[in-house]
Amino acid sequence: MLSQKGFTTPTPIQHQVIPSGLEGKDVVGIAQTGTGKTLAFGIPMIQRLGNGTGRGLVLAPTRELAIQIETELLKIGAPLGLKTAVLIGGAPQGKQLAALRKKPHIVIATPGRLVDFMEQKEINLGNVSIVTLDEADRMLDVGFLPQIKKILATVPKERQTLLFSATMPKEISSLAATYMKMPLRIEIAPQGTAAQNVEQELFVVPKPDKIRLLELILKEDKSASVLVFSRTKHGAKKIARDIRGMGHTADEIHSNRTQNQRQKALDGFRKGKVRILVATDIAARGIDVKDIGIVINFDLPDNAEDYVHRIGRTGRAGKSGKAISFAAPNQRADVKKIERLIRKTLPVLSLPKVLPAERLKPAYEERSPQPHGRPPRGGGYASRNSNGRGSRSGSRGPRKAQSTQSTQRKRAW
């Protein structure tokens, strides 16, 4: 079956997780994006459900990732009669309820929407025998920890639990210690390890010059597909508009776009109809597109772990990729956090001479210490004070879906 679908050689994470998963062991897997995690937990889940009467539950941080997981599971499970349901915010509850009433073997859900259905008494988790938490660190980043705890406290204690994360902060370790039974820790690469095939570069560039630098980079290679990251949804919209003004095809995904708009943008990018996709961190977690040539961090991420997630979108499956980051002159501290995490110094490239030198000079000239306890500036970077960054825009946690009145109080699943 697997060989017919083109799955002949397992990836390292699959090679180590699948045997333990088939034995029913709890597993904590530390692996980066694009390493084949979905099949690592999907194959044991489908196999074990086929041998018993339980049900499977997969939790994912974003709508796009949930949809992608379903697609991958159905590739190998549909010929076996596998039925799935996806429960995500931003989509009508009616269709999701209809899918639940077909008694799916596996439910893939974002924690917020799943809790909505639990509170509406539309779903019963009492027959769940296998639970997978995919990209657990991201689910915590967007504020899903309370929902995850509620879900794990509801499913039967006698179950198998698999947890996957690119990093292992103390909150994840605590979650595993509380809700998992002596989990086997499988670490494909040390947490925080960036993709090995990705060439990383850094430009120190004042904010007003970022868009012009981006224009020059996009002109250098007009064939590669490009994923551009913005820290805010408003920034993503503006960047995409500016890129289209340069004559390139571009689209955007962020929390202000509907599910249909986001899916259309992803499909266009995946099929090559759109060369450049601009995304925020939250929206980008479901992106599974092959052969992304360049990742550009137009804005540095809010936390260093997101840098690893971002650049992991390129350089997949043994292919080479490039990651280019723009740092403002006062973001030295942010760059250092990234370098400590990836255990590597980012090479700083000189700005192209076509950018106006007079606009760069003030950012680098020596300045005397500022009053009121502000840190001195000079030498290229300045320390970032606690108020030096705007608030993060976009969703900080799950959006609770509007409750719908059901004519049937019998649980759908």
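The values are calculated or read from the model by the stated rules, or taken from the named source; none is laboratory data. Model, not experiment: these values are computed from the prediction. Ideal geometry is used to build each Cβ from the backbone, glycine not excepted, and the neighbour counts take in all protein chains shown.
When you check Leu100 against the structure, is it in contact with a strand residue (DSSP E or B) (Cβ under 8 Å, 6 or more places away or on another chain), farther than 21 Å from Ser174 by Cα and outside the structural domain of Arg231 (by TED's automatic domain parsing), yes or no? For Leu100, the condition - in contact with a strand residue (DSSP E or B) (Cβ under 8 Å, 6 or more places away or on another chain), farther than 21 Å from Ser174 by Cα and outside the structural domain of Arg231 (by TED's automatic domain parsing) - is met. If you go through the stretch 101-138 and keep only what is more than 19 Å from Leu163 (Cα to Cα), assigned to a loop (DSSP other than H, G, I, E, B) and within 27 Å of the chain's Cα centre (by Cα), you end up with Pro104, His105, Ile123. Against the condition in the same structural domain as Phe298 (by TED's automatic domain parsing) and either of a type in the set (Phe, Trp, Tyr) or in contact (Cβ under 8 Å) with a residue 60 or more places away in the chain (or both), how does Lys207 come out, does it pass? Yes, satisfied. Whenever a residue of the stretch 68-92 is within 12 Å of Ile43 (Cβ to Cβ) and among the basic types (Lys, Arg), its partners that are modelled with pLDDT under 95 and surrounded by fewer than 19 Cβ atoms within 10 Å (Cβ to Cβ), lying with C-beta atoms within less than 7 angstrom and at least six residues away or across chains, give the pairs Lys75/Lys5. Scanning the stretch 226-259 for residues that are in contact (Cβ under 8 Å) with a residue 60 or more places away in the chain and in contact with a Leu (Cβ under 8 Å, 6 or more places away or on another chain) returns Val226, Leu227, Val228, Arg231, Ile253.
Just one of Leu218, Leu213 is in the same structural domain as Glu305 (by TED's automatic domain parsing) and out of contact with any His (no Cβ under 8 Å at 6 or more places or on another chain); which is it? First the steps, then the outcome.
On the way: Leu218 fails: out of contact with any His (no Cβ under 8 Å at 6 or more places or on another chain).
Of Leu218, Leu213, the one residue that is in the same structural domain as Glu305 (by TED's automatic domain parsing) and out of contact with any His (no Cβ under 8 Å at 6 or more places or on another chain) is Leu213.
Looking across the stretch 329-351 at every residue that is among the aliphatic types (A, V, I, L, M) and over 19 Å from Asn303 (Cβ atoms), the one that is surrounded by the fewest Cβ atoms within 10 Å (Cβ to Cβ) is identified as Leu349. A count restricted to the stretch 233-263 and to residues that are in a helix (DSSP H, G or I) and within 18 Å of Ile67 (Cα to Cα) stands at 5.
Only residues that are touching a strand residue (DSSP E or B) at 6+ places or on another chain (Cβ under 8 Å) and either in a strand (DSSP E or B) or at pLDDT below 85 (or both): list them for the stretch 286-311, please.
Hits for the stretch 286-311 are Ile287, Val289, Asp291, Ile292, Gly293, Ile294, Val295, Ile296, Asn297.
All conditions in (1) more than 30 Å from Ile276 (Cα to Cα); (2) hydroxyl-bearing (Ser, Thr, Tyr); (3) within 19 Å of the chain's Cα centre (by Cα) hold for Ser174, with the sole exception of (3).
Each row is one residue, and each column tells you yes or no for (1) surrounded by 17 or more Cβ atoms within 10 Å (Cβ to Cβ); (2) part of a loop (DSSP other than H, G, I, E, B); (3) at pLDDT below 95; (4) not assigned by TED's automatic domain parsing to the domain that holds Asp288.
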{"residue": "Gly143", "(1), (2), (3), (4)": "no, yes, yes, yes"}
{"residue": "Gln147", "(1), (2), (3), (4)": "yes, no, no, yes"}
{"residue": "Ile151", "(1), (2), (3), (4)": "yes, no, no, yes"}
{"residue": "Pro156", "(1), (2), (3), (4)": "no, yes, no, yes"}
{"residue": "Met168", "(1), (2), (3), (4)": "yes, yes, yes, yes"}
{"residue": "Ser173", "(1), (2), (3), (4)": "no, no, yes, yes"}
{"residue": "Thr193", "(1), (2), (3), (4)": "yes, yes, yes, yes"}
{"residue": "Phe203", "(1), (2), (3), (4)": "yes, no, no, no"}
{"residue": "Arg231", "(1), (2), (3), (4)": "yes, yes, yes, no"}
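Here is the figure for the stretch 103-119: residues that are closer than 22 Å to Thr38 by Cβ and in contact with a strand residue (DSSP E or B) (Cβ under 9 Å, 6 or more places away or on another chain) total 10. Filtering the stretch 275-294 to residues that are in contact with a helix residue (DSSP H, G or I) (Cβ under 6 Å, 6 or more places away or on another chain) and either polar (S, T, N, Q) or surrounded by fewer than 22 Cβ atoms within 10 Å (Cβ to Cβ) (or both) leaves Thr280, Asp288, Val289. Of the candidates Thr110, Thr33, Thr38, Thr84, the single residue that is at pLDDT below 90 and at negative phi is Thr33. Screening Arg241, Arg270 for residues that are within 21 Å of the chain's Cα centre (by Cα) and either among the charged types (D, E, K, R) or farther than 26 Å from Glu339 by Cβ (or both) leaves exactly one candidate, Arg270.
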